[in-house]
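> If you scroll down you'll find the structure; I have some questions about it.
Read-outs throughout are calculated quantities, based only on the coordinates presented, and are distinct from any laboratory measurement. Note that the coordinates shown come from a computational prediction; the quantities given were computed from them, not determined experimentally. We place every Cβ from the backbone using ideal geometry, glycine too, and count neighbours over all the protein chains shown.
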Amino acid sequence: MTEWPLNLAAFESAARECLPRMVYDYYAGGALDEITLRANREAYDDIALRYRVLVDVGRRSLRTDVLGREFETPVLFAPTAFHRLACEDGELATVRAAKTLGTLMVLSSLSTVPMEQVIAQYEHVWFQLYVYRDRGLTRELVARAEAAGAGAIVLTVDAQIWGRRERDVRNQFHLPDGINVANALPGGFGDMPEREGDSGLAAYVNSLFDPALDWEDVVWLKSLTKLPVLLKGIVHPDDARLAVEHGADGVMVSNHGGRQLDTACATIHALPDVVAAVEGQVPVFVDGGIRRGTDVIKALAYGASAVLVGRPVLWGLAVGGSAGIVAAIRSLHTELDVALALCGATEPARVTRGILAG
Ligand code: FNR
Ligand code: LAC
């Protein structure tokens with residue numbers, strides 16, 4: 001493709017054109033009535049910017065510190081499953097894009113390329129963990145990620161039971177032949193059952209992931225690894241406090257992109273209380289519905305260290321592989337750069353709460 005879509009909404013439209021219906025629906029969809037899915041995005045529109053003027057913004061940068069490392073941008077890649085549904089190279093294409101952009105990639109447990117191959121491509125990959133009932137397999141996943149060179153473990157805490165995603169039920173979502181849960185193949189959990197009349201992924205998760213996960217498991221996970229452990233899927237300030245108490249090295253405010261508990265609050269509304277609760281002891285990140293440069297500014301203003309995007313990466317991947325992701329995320333960077341300058345800030349770290357009206 002010589003001319004890329006103009007913005008992330010246009011990337012999504014182009015991706016819808018080129019993906020099979022079952023795949024597009026799996027990527028795009030949310031739980032039940034998709035109220036949270038929409039709220040994540042729309043909540044940003046209701047926050048107004050009270051910009052500053054007459055600041056010299058002639059020299060600007062998007063550079064951002066994440067856990068002591070400097071990245072080219074505050075826009076990180078959220079973990080998303082099954083990239084080979086969008087592009088033959090799958091997660092290998094994604095990690096190449098992360099490297100080109102100088103950002104961080106969080107690799108899903110449900111990768112369709114073995115984690116070792118992905119992590120070998122780039123020094124800034126974190127591994128997202130789903131805890132299997134089979135704790136031996138879980139321990140092995142953590143050990144493999146650490147041995148392969150992952151920089152942190154991101155424990156997803158909002159998906160012990162699968163949200164009901166009606167699009168996937170209707171489409172009887174399953175992995176086509178030749179695509180599997182590559183990280184779990186040695187454990188014998190690489191294949192997803194095809195269930196008549198239901199989502200194959202829901203069947204996989206509900207039978208294999210551990211619904212008994214609790215705070216003691218955070219301590220257990222910390223004991224398994226020297227890597228930082230971040231918790232993804234927190235929206236309540238009391239949980240943010242508990243996360244810090246149990247040794248979490250960071251918190252990701254997320255509702256899984258509206259795919260789990262429908263009518264859960266928009267993440268940008270949950271962010272300020274979580275930031276207040278952790279009292280600067282650990283960094284706070286946010287994802288969900290970030291589609292415009294101004295959305296990023298608002299998240300930073302509420303105290304996020306950086307943001308993550310999920311679906312925008314998948315749209316770029318579907319439209320143009322690795323180059324497509326780079327183009328999609330660069331469109332967001334362009335908007336962010338303009339928004340920063342027009343808010344009177346020269347870099348993400350200089351965005352303050354004062355630029356939010358009200
Ligand atoms: C996800 N998400 C997710 N999260 C996670 O911890 N592990 C995973 O494997 C996945 N898989 C996944 C697949 C797809 C198709 C989507 C859309 C999302 C959730 C993801 O990390 C993130 O929280 C949301 O995608 C953020 O919202 P946006 O940016 O997609 O609106
Ligand atoms: C999802 C997963 C895999 O949301 O987390 O589909």
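> Please tell me if Ala145 is in contact with a strand residue (DSSP E or B) (Cβ under 8 Å, 6 or more places away or on another chain), buried (at least 16 other Cβ atoms within 10 Å of the Cβ) and in a loop (DSSP other than H, G, I, E, B).
Criteria not met by Ala145.
> Can you spot a residue in segment 237-252 that is part of a strand (DSSP E or B), in contact (Cβ under 8 Å) with a residue 24 or more places away in the chain and within 16 Å of Gly151 (Cβ to Cβ)?
Checked against the condition, which is being part of a strand (DSSP E or B), in contact (Cβ under 8 Å) with a residue 24 or more places away in the chain and within 16 Å of Gly151 (Cβ to Cβ), segment 237-252 yields at least one hit.
> Within segment 339-358, track down each residue that is in contact with a helix residue (DSSP H, G or I) (Cβ under 7 Å, 6 or more places away or on another chain) and hydrophobic (A, V, I, L, M, F, W, C).
Answer for segment 339-358, where residues must be in contact with a helix residue (DSSP H, G or I) (Cβ under 7 Å, 6 or more places away or on another chain) and hydrophobic (A, V, I, L, M, F, W, C): Ala339, Leu340, Cys343, Val351, Ile355, Leu356.
> Another question about this same structure. Of all the residues that make up segment 226-276, how many are closer than 18 Å to Val106 by Cβ, surrounded by 22 or more Cβ atoms within 10 Å (Cβ to Cβ) and either polar (S, T, N, Q) or more than 16 Å from ligand 1 (Cβ to nearest atom) (or both)?
4
Let's see how each residue does on (1) within 16 Å of ligand 1 (Cβ to nearest atom); (2) more than 30 Å from Glu70 (Cα to Cα); (3) under 19 Å from the mean Cα position of the chain (by Cα); (4) not in a loop (DSSP other than H, G, I, E, B):
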{"position": "Asp158", "(1), (2), (3), (4)": "yes, no, yes, no"}
{"position": "Trp162", "(1), (2), (3), (4)": "yes, yes, yes, no"}
{"position": "His174", "(1), (2), (3), (4)": "yes, yes, no, no"}
{"position": "Met192", "(1), (2), (3), (4)": "yes, yes, no, no"}
{"position": "Val205", "(1), (2), (3), (4)": "yes, yes, yes, yes"}
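> What residue, among those in segment 307-336 that are surrounded by 24 or more Cβ atoms within 10 Å (Cβ to Cβ) and outside any helix (DSSP H, G or I), is nearest to ligand 1 (Cβ to nearest atom)?
Filtering first and then ranking leaves Val309.
> Identify all residues within segment 131-142 that are in contact with a helix residue (DSSP H, G or I) (Cβ under 8 Å, 6 or more places away or on another chain) and either crowded, with 22+ Cβ neighbours inside 10 Å or hydrophobic (A, V, I, L, M, F, W, C) (or both); write none if there are none.
The answer is Val131, Leu137, Leu141, Val142.
> Now, a different point. Kindly state which helices (runs of 4 or more DSSP H) lie completely within segment 1-88 and contain at least 1 residues that are under 19 Å from Pro312 (Cα atoms) and β-branched (Val, Ile, Thr).
21-28, 35-45
> Related question: Which residue, of Ala184, Ala212, is farther than 21 Å from Leu32 by Cα, small (Gly, Ala, Ser) and touching a Gly at 6+ places or on another chain (Cβ under 6 Å)?
From the options Ala184, Ala212, the qualifying one is Ala184.
> Can you tell me which residue in segment 99-121 is nearest to ligand 2 (Cβ to nearest atom), limited to those that are within 17 Å of Trp315 (Cα to Cα) and free of Cβ contacts under 8 Å to residues at least 60 places away in the same chain?
So, considering only residues that are within 17 Å of Trp315 (Cα to Cα) and free of Cβ contacts under 8 Å to residues at least 60 places away in the same chain, the one nearest to ligand 2 (Cβ to nearest atom) is Ser108.
> May I ask you to list pairs of residues, at least six apart or on different chains, whose Cβ atoms are under 9 Å apart, with the first in segment 122-146 being in contact (Cβ under 8 Å) with a residue 40 or more places away in the chain and within 14 Å of ligand 1 (Cβ to nearest atom) and the second being part of a strand (DSSP E or B) and of a type in the set (Ser, Thr, Tyr)?
Correct list of pairs: Gln128/Thr156; Leu129/Thr156; Tyr130/Thr156; Val131/Thr156; Leu141/Tyr132.
> Determine, yes or no, whether Trp220 is within 13 Å of Leu155 (Cβ to Cβ), part of a helix (DSSP H, G or I) and among the aromatic types (Phe, Trp, Tyr).
Yes; evaluated as a whole, the condition is true for this residue.
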